[in-house]
Amino acid sequence: MIRLLSVVGARPNFMKIAPIVEELNKFPDIEHCLVHSGQHYDDLLSGNFFADLNLPKPDMNLQAGSGSHAVQTAEIMKGIEPILRDYNPQMVLVVGDVNSTIAAALTAVKLGIKVAHIEAGLRSFDMTMPEEINRKLTDAISTLLLVSEESGVANLKHEGVPAEQIFLVGNVMIDCLLRNRELARKSSILDKLGVRQNSSGCRPYGVLTLHRPSNVENPKTLQGILSAVNCFAEELPVFFPIHPRTRKNIERFGLLPYLGSAASGKSTGIVPLDPLGYLEFLSLNDCARIVLTDSGGVQEETTVLGVPCLTLRENTERPATVLHGTNQVVGVDPDRILAAAQSILQKTSSPSRCPPLWDGKTASRIVAIIREYLQRDSPGVAG
Ligand code: UD1
Ligand code: UDP
């Protein structure tokens, strides 16, 4: 019997683990424990995704909650350590770059348990991003580095990671998207927002998401972004599902006047919404004319959907979305955002290509690699 334990905690983790759990369930010789760190705890950022993605309820929830980086990371480590001791998995699976990722990986390796990092190797080369610290540290202590795009392989090799630890497997978040795209199209969100015109079309609209501390903890930056988006949001509504961190700051910095309203289905301006469920958000992005975001996952999803994306950051750890896809990294200067948005809105969108191996089969490649590794590492436990 193979015994694996996965740790998730924040919104983007759930889409990455769902296809892997589905794949693991195909193997009767694999026992799997799913642990939720509790980093995200509101239904709008966590619970609803388990229903949307058909994910089983986590076997355990550490209820770590919010806090400073040190407090949150330490709470997760304290919570996971006794579980790892009791369950004693052959390998721990971690995804992405959030505090739950590094906390679980660090605790596991110190107990002598090997770690597989899914979405390894991505680098923004910006150490002011908490996620960049989490990525580099997690990769440094993981045994299997499962990489979503070619840049990740080059980064890891450049850092001196032995080639036999690096596997280009493709993008598991895109497995999730491809599995759910048709289902998402049945969601009623476009009708609710009053943008569906008929069975085959929508009136043009944009989508905005923001949650990076560098954008939303700085009043001038946040104001600059909202004012730039407002300039073209009179021509087409821009739906803005607001992360709780961002909502608090919009209120705290007195920026509510930049937001419009969704009253009576006649949306104009920047239309504030609660964070959306996965299927509703996928449906909204799928038909959008333009997406503006500082999210990592949304850059990848828009590439596959072929929807033009402006990344409101100075860098991206996902260059494949620029090289192959629809993404442009435009920074946070309001004039630059406005010029880039207007240029997109004035022309018909150009076709985009999917990066190599973003084909919906990443989870099966990941599970095959883990099985093969464990078979070689401890032949008694697998096969
Ligand atoms: C975290 C990740 C980020 C990821 C994002 C996905 C880290 C360092 N950051 O950022 O990489 O892109 O999740 O959305 O791991 N809050 C709630 N309800 C919740 C959770 C949080 O209201 O269920 C509020 C709290 O005020 C909290 C703040 O959001 O202090 C930030 O939450 P936190 O998990 O620390 O970071 P995120 O900004 O969500
Ligand atoms: N997402 C969602 N509802 C929203 C905003 C985002 O379901 O209101 C999904 C999005 O489709 C993607 C994931 O959340 O699958 C990205 O998470 P987020 O932007 O929070 O984190 P990041 O990818 O930046 O780490």
GluC sites (Glu not before Pro) lying in DSSP loop within region 213-274, provided at most 16 other Cβ fall within 10 Å: Glu217, Glu234, Glu235
Alpha-carbon Rg/Rh ratio, for region 18-86, with Rh computed the Kirkwood way: 1.02
Cβ-Cβ FRET estimate between Glu372 and Ala140, R0 fixed at 22 Å, reported to 0.05: 0.45
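Among the listed pairs Lys16/Lys220; Lys16/Lys78; Lys136/Lys186, which are separated by more than 29 Å between their Cα atoms?
Lys16/Lys220; Lys136/Lys186, as the Cα separations exceed 29 Å there.
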Debye, to nearest 20: dipole size of region 96-222, +1 on Lys, Arg Cβ, -1 on Asp, Glu Cβ: 560 debye
By average C-beta atoms within 10 angstrom, highest first, the peptides 53-62, 139-148: 139-148, 53-62
Relative contact order computed over the chain (Cα-Cα under 8 Å; 6+ residues apart), in percent: 16 percent
Value at 222 nm in deg cm²/dmol, rounded to 500, when DSSP H runs of n ≥ 4 in the chain each add -39,500 (n - 2.57): -13500 deg cm²/dmol
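Just to be sure I follow the definition: excluding the sites themselves, where is the longest run in the chain that has none of the trypsin sites (Lys or Arg not before Pro) in a DSSP loop with at most 10 other Cβ atoms within 10 Å?
27-185
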Length-normalised contact order for region 83-238 - Cα pairs under 8 Å, 6+ apart - percent: 15 percent
The chain - percent of accessible surface contributed by carbon and sulfur, probe 1.4 Å: 52 percent
Net charge of neighbours whose Cβ lies under 10 Å from the Cβ of Met173, counting Lys and Arg as +1 and Asp and Glu as -1: -3
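The values are calculated or read from the model by the stated rules, or taken from the named source; none is laboratory data. A quick note: this is a predicted structure, and the numbers were derived from the prediction, not measured. Here Cβ is always computed from backbone atoms with ideal geometry, including for glycine, and neighbour counts include all displayed protein chains. Side chains are part of the model used for accessible areas, which takes the heavy atoms of the whole protein and leaves out ligands, DNA and RNA. Shrake-Rupley method; radii C 1.70, N 1.55, O 1.52, S 1.80 Å.
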